[in-house]
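Just below is one structure, and these are the notes that go with it.
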Amino acid sequence: MKNQKLCGILPALLTAFTDDGIDCAKVARHTKYLADAGVHGLYVGGSTGEMILMSEDERKTLLETVIESVGDRLTVIAHVGTTSTRGALELARHAEKAGAHALSSVTPLYYRYSFREVKHYYERLAGETVLPVIIYNIPVLTGTTLSTDQLAEILSIPNVGGMKFTSSDFFQLERIRAMFPDKVFYNGSDEMLCSGLAAGADGGIGSTYNFMPKTILSIYRAFRANDPATALKYQAKANEAIATVLKYGVMPSAKMILKLKGMDHGECREPFMPLGEEAIEALKALEVE
Ligand code: MN9
């Protein structure tokens with residue numbers, strides 16, 4: 001049976017920082033804004049959350065803050081991927097104790113690990129807690145490209161509950177979907193949400209959902225209501241904004257859009273840099289909701 005609680009639209013949550021830690025007040029305000037907009041859950045501490053620019057303790061604080069503020073209203077998926085298995089297992093144990101509903105992880109970072117090592121990594125993670133583990137497949141950032149058969153092998157590990165799929169190989173997504181009807185699959189490229197849903201995704205996880213949850217939810221709802229024309233209309237609207245955001249950098253732009261909406265979310269951590277005037281003017285011209 002598919003876990004319905006995990007399905008739907010889940011913003012890949014941006015992290016708000018102070019000079020030396022997590023800005024818990026801003027995080028709580030933002031998660032409430034997203035919950036009020038009607039999203040189904042949150043994906044915490046992933047790429048959009050600048051996870052590799054945070055310490056382990058900061059990642060724990062962030063997750064606790066999110067669960068405290070909206071854990072009773074929304075499904076919370078804790079991303080625990082990092083450079084070491086030891087670090088990921090520690091974050092996984094913490095996430096279970098803190099009350100997360102599922103775990104997720106990118107393929108192990110930096111080195112070119114063999115498939116044997118990648119699979120073993122997910123076995124270790126899936127064996128560490130009772131929570132379902134969502135594989136995060138994002139070859140463009142990790143450099144790890146897995147074949148359909150390799151993904152199927154990892155998805156067959158007990159406790160692996162599904163996959164976040166950030167790739168445009170929708171043939172692969174459709175094949176995997178057909179092989180695992182009871183697991184949960186998420187589209188990862190916001191600009192192709194309709195395509196992912198058409199390939200059988202149960203929802204989406206994305207960074208631009210942080211600043212236009214209503215438009216993204218309209219895509220999802222129209223698609224679920226068997227109205228692809230309306231879904232595509234909202235996708236085109238979303239893509240106007242996504243094209244600009246991609247031009248100037250996703251996370252700095254997403255935070256700037258929130259600021260322009262009167263919900264200052266601070267700056268990204270270095271090596272990211274504050275946006276220049278041209279970018280800010282282009283973002284001001286967008287209509288996003
Ligand atoms: O998978 C996000 N990918 C990255 C999630 O953060 C690399 C997406 O939401 C993209 O940021 C978005 C813009 O390309 O689709």
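Bear in mind these aren't lab numbers, they're just calculated from the coordinates by the rules spelled out. Only a predicted model underlies this, so the values are computations on that prediction, with no experimental measurement involved. Cβ placement follows ideal geometry from the backbone for every residue including glycine, while neighbour counts extend to all protein chains displayed.
Quick notes on this structure:
- DSSP-defined beta bridges in the range 1-105 - what % are antiparallel, rounded to 5: 10 percent
- Lys, Arg +1 and Asp, Glu -1 on Cβ, resulting dipole of the chain about Cα centre, debye, nearest 20: 680 debye
- 27 Å Cα-Cα reach of Lys255 towards lysines, excluding residues that sit fewer than 8 places from it in its own chain: Lys26, Lys32, Lys60, Lys164, Lys214, Lys233, Lys237, Lys247, Lys284
- Sequence-distant residues sharing a close amide H with Gly161 (under 5 Å, placed H): Val133, Ile134, Ile135
- DSSP-defined antiparallel bridges as percent of all bridges, the chain, nearest 5: 5 percent
- Annotation: amide H of Ile9 within the under-5 Å range of His40, Gly41, Gly204, sequence separation 5 or more or interchain, hydrogens built in the peptide plane.
- Shown is the FRET efficiency for Asp57 and Lys5, computed with R0 = 25 Å from the Cβ-Cβ distance and rounded to the nearest 0.05: 0.30.
- Burial ranking of peptide ranges 137-150, 33-46, 154-167 (average Cβ count within 10 Å, highest at the top): 33-46, 154-167, 137-150
- Per-residue ³J(HN,Hα) for the range 276-289, Karplus 6.51 cos²θ - 1.76 cosθ + 1.60, θ = phi - 60°, Hz, x for Gly and Pro: x, 4, 4, 5, 4, 4, 5, 6, 4, 6, 7, 9, 10, 8
- Note on Arg116 and Thr18: the extension gain reaches 31.3 nm, defined as 0.36 nm multiplied by sequence separation minus the Cα-Cα distance.
- For the chain, the equivalent ellipsoid derived from the Cα gyration tensor has semi-axes of 27, 23, 18 Å, listed largest first.
- Nearby aspartates and glutamates by direct alpha-carbon distance to Lys5 (threshold 18 angstrom, same-chain neighbours under 8 apart not counted): Asp36, Asp72, Glu96, Asp182, Asp202
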